[in-house]
Amino acid sequence: GRHLSSIQNATWVIAAIALASLLLIAAQSFVFAPNTQPALRTPMVRAVSRKFATNASPGMRVAPRRFRVDSKFQPIQRQARVFSSVSVKENPILSMVDAKLPPYESITAESVIPGMEVILKDTLEKLEALESSVTPTWEGLVEPLEKLSDPLERTWGAIQHLKMVKDSDELRAAVETMQPKVVTLSLRISQSQPIANAFKELKDKDPEAFNKLPAARRRIVEGTILDAELSGASLKGDEQKEFNELQQKLAELSTKFGNNVLDATKKFTIIKTDKADVKGLPESALAMAAQSARDKGYPDATAEAGPWIFTLDAPSYMAVMTYAEDRTLRETMYRAFLTRASEFHSDGVTTEEKKEGDNSEIVIEILRLRKRKAELLGMKHHAEVSMAKKMADLSSALKLLEDLRSASKDAALKEQAELQTFASKECGFEGDLQQWDLSFYAEKMRQKLFALDEEKLRVYFSLPKVMDGLFGLIERLFDVKVKPAEVTPELWDPSVTFYEVSDPQTGEPKAYFYMDPFTRPKEKRGGAWMNTVVGRSGLLAEEGKDARLPVALMVLNQSPPVDGKPSLMKFREVETLFHEMGHALQHMLTTQSDSMVAGINGIEWDAVEQPSQFMENWLYDEATLMGMAEHYETGEKLPIEEFHKIKGARTFRSGSAMARQLRFALTDLLLHSEFSPEGSETPYDLGRTVAKSTEALEPQNFDRFLNSFSHIFAGGYSAGYYSYKWAEVLSADCFAAFEEVGLENEKEIQQTGRRFRDTVLAMGGGAAPMDVFKAFRGREPSVEPLLRHSGLATAAQKS
């Protein structure tokens, strides 16, 4: 989850560290089939993410393991020493002060509070020392800030990561105890007058000297000054006190919002014992449902005979919505999903249990508090605050969304009419289609039009083969090699793998990343995301090294191996993997040595999704897809006609998919600009109005999607969800550069890939994103490639 600003090592605003880490919630976000449910992307906090969540598998306990140390990565953990009078041996949190990698297996809920108390105390002492001696120079200001903030970022980040992938009541309680203290210290740093004054003096006292700084460092200073203003540094007395109270309350509400969504998702199950009730569901979905039943006390459950338990976990939910012939089952699941964390039960009746976890009042209160924060900062609304550090302003973002709406609305209406006709004439459906019918009949229509059965394609997309294909593409385009690392650090689950990214000629490591691919619904949040462990830093390099190497986290929620088969992926899951890898590559292949603009740090929020969406395009390149699509048993290649079907179906119901994303983006912007929390209109009223202007079907009266819209209420996308479409314009245009040289022209493809690596991936936040784009493309971006890839170019020309 994320959007505050990309802040691994963003020392100039540690408020962002806290806020980001507190809000490090990857919402239950999925990419749904056309018009079934919101096609959400997982939020990013110090992290970036994508869309999708997949399957359910039982949570597993990690046995303690010994790990090897490789000379290239030595020492993973140094000898214990005393840190603020507490022995490292006593607390794994404190071992991270010197450790290169977090001791994930060793961190316990019990270690969080005492460990973080020491980290916070030590950080505050170092801050006070810096305030008393700060000088307005790079070496006297920025470097000490980076050093003092690094332990806090790494320790709190590791704890938040474990909360997302290995949640427990005890860990949740420990995080909630420490969260206010982390926020307090973060605000203390971000509002420090000696620090803020030193940054202003660094910029203004000697303009000639300032202009001689490298461009990346000038951006760091200017961004820091703006961040300080947005963090309330210029407020005085009661106003600053109120601002800080608002920050604390918002952090608490966002955490509560995310917990309510997770709890509501986990609580719902529906069991079926009659084979007739699960008619239409593919074998893979029944195997998962039987696995869920075995996990919940039905040891004899089988895919063939049941019983079957379905949940709101994405793979389970989407399988029902796409394939279940039982319309009542589909409606039940849809209602349950749309009413998560709301006042409604799945049958529309309020219950005390639902009221206890209801996010309705939290939504209003978050909007109210954000509006008040903006007023204290002298701004019109929260959208103005949010967009102060983005490429777009409110008017340009709204213009883009309106341009896309005009290009997609008629297409969405036409697609809905065609689906209604198909369901009635071809399938004998009577009446008007409802939301719980759309994916079911869209899948039937897609199979009829393209003879494409995505479920049957799974056998060609086993996770090991897909990973090999992805790594091959990365080497082909960017001239780096990815392989399992010789180091085996502490992991949080046996299914996690640790990889090394290296120079293929010299073997010299460039970066590392963890890969956690499988769903664990008992302890792991839904969604998919990329996060950072550490960023590249010249200042924090080991002796004799140029820079500390970046380390990333990639987390998915896809189907685990079942019944002796490897993890067999749906095509959308493959897209998700490529998406997250795009984020990771930008973090890992950066060449910036100033950590505050290295990798994803310092990049304007609405440009962060550019490399991730760019990577998705390669799945429609014949050489890429055919090179990895291989039957997991026979080794048979994917038939070429199936590739053409996949490519042909890419734009199937694309108007509807575009319209849904526009609904979310417009609702978000209007809630944070025009909506009045004190007025008579509810957020649901506004959402319904937007839906009428964008989508073909009006939302149901019980629709409480906003109550689980974690992107904007528990992540960093408030007044920023439009960023997906903004960045998609950039990413589509970047891929068009490869199309223009010819996807079959290997020499030109490699040259263009190196240029993309050396600009978009390498430059990080060291240059303005428009300058980075122009360095790659030689011009400003065009919306035409996005409309062409979406099959909407003709509609745009007509409008």
* To do: For region 547-689, just the Cα set please: Rg and Dmax, both in angstrom.
  => 20.5, 63
* Can you give me the Cα centroid spacing of region 412-458 and region 462-486 in angstrom? -> 36 Å
* Give the distance, in whole Å, between the Cα centre of region 560-596 and the Cα centre of region 505-547. => 12 Å
* Asked: Which value, in Å², gives the accessible area per residue of the chain when a 1.4 Å probe is used on the protein heavy atoms?
  -> 36 Å²
* Sites Glu208 and Lys456 - FRET efficiency at Förster radius 60 Å, r taken between beta-carbons, to 0.05 -> 0.35
* **the chain: angle of helix 193-204 to the longest principal axis, Cα-based, in degrees nearest 10** => 90 degrees
* To do: Could I have the simple spin-label model distance between Ile364 and Glu125, label points 7 Å from Cα toward Cβ, reported in nm to one decimal?
  => 4.8 nm
* Asked: Nearest 20 debye, what's the magnitude of the dipole of the chain about its Cα centre given +1 on Lys and Arg Cβ and -1 on Asp and Glu Cβ?
  -> 320 debye
* Tell me, what is the percent relative contact order of the chain, built from C-alpha pairs under 8 Å that lie six or more residues apart? -> 21 percent
* To do: Working from Cα positions, state the angle (0 to 90°, nearest 10) between the long axis of helix 314-323 and the longest principal axis of the chain.
  => 20 degrees
* Dipole of the chain (Lys/Arg Cβ +1, Asp/Glu Cβ -1, origin at the Cα centre): which of Thr137, Leu452, Ala287 lies farthest to the positive side? -> Thr137
* Roughly how many percent of the accessible protein surface of the chain is carbon and sulfur, given a 1.4 Å probe and a whole-percent answer? -> 49 percent
* Among bridges DSSP assigns within the chain, what percent are antiparallel (round to 5)? -> 85 percent
* **Value at 222 nm in deg cm²/dmol, rounded to 500, when DSSP H runs of n ≥ 4 in the chain each add -39,500 (n - 2.57)** => -16000 deg cm²/dmol
* Asked: Once the Cα gyration tensor of the chain is found, what semi-axes does its equivalent ellipsoid get, as square roots of 5 times the eigenvalues, in whole Å, sorted largest first?
  -> 39, 29, 28
* **In degrees, nearest ten, helix 109-133 long axis to first principal axis of the chain (Cα)** => 40 degrees
* Asked: Relative to a virtual label point 7 Å from the Cα of Ser782 in the Cα→beta-carbon direction, which members of region 730-758 show backbone nitrogen distances below 12 Å?
  -> 733-734, 736-737, 740
* Structure fact -> In terms of the alpha carbon gyration tensor, root eigenvalues a ≥ b ≥ c, rounded if a/c is under 1.5 and otherwise prolate when a/b exceeds b/c or oblate, region 295-418 is oblate
* **Simple label model, 7 Å out from Cα along Cβ direction - Asp546 to Glu325, nm** => 6.3 nm
* **Filtered GluC sites (Glu not before Pro), region 527-633: DSSP coil and at most 13 other beta carbons within 10 Å** => Glu542, Glu543, Glu633
* region 261-296: trypsin sites (Lys or Arg not before Pro) falling in loop per DSSP and having at most 15 other Cβ within 10 Å -> Lys279, Lys296
* To do: Mind checking region 464-565 for trypsin sites (Lys or Arg not before Pro) that DSSP puts in a loop (not H, G, I, E or B) and that have at most 14 other Cβ atoms within 10 Å?
  => Lys545
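The values are calculated or read from the model by the stated rules, or taken from the named source; none is laboratory data. Source: prediction; values computed, not measured. Methodologically, a virtual Cβ is constructed for each residue, glycine included, from the backbone with ideal geometry; neighbour enumeration extends over all protein chains shown. The protein model used for the area step is the full one, side chains on, heavy atoms only, and it has no ligands, DNA or RNA in it. Shrake-Rupley method; radii C 1.70, N 1.55, O 1.52, S 1.80 Å.
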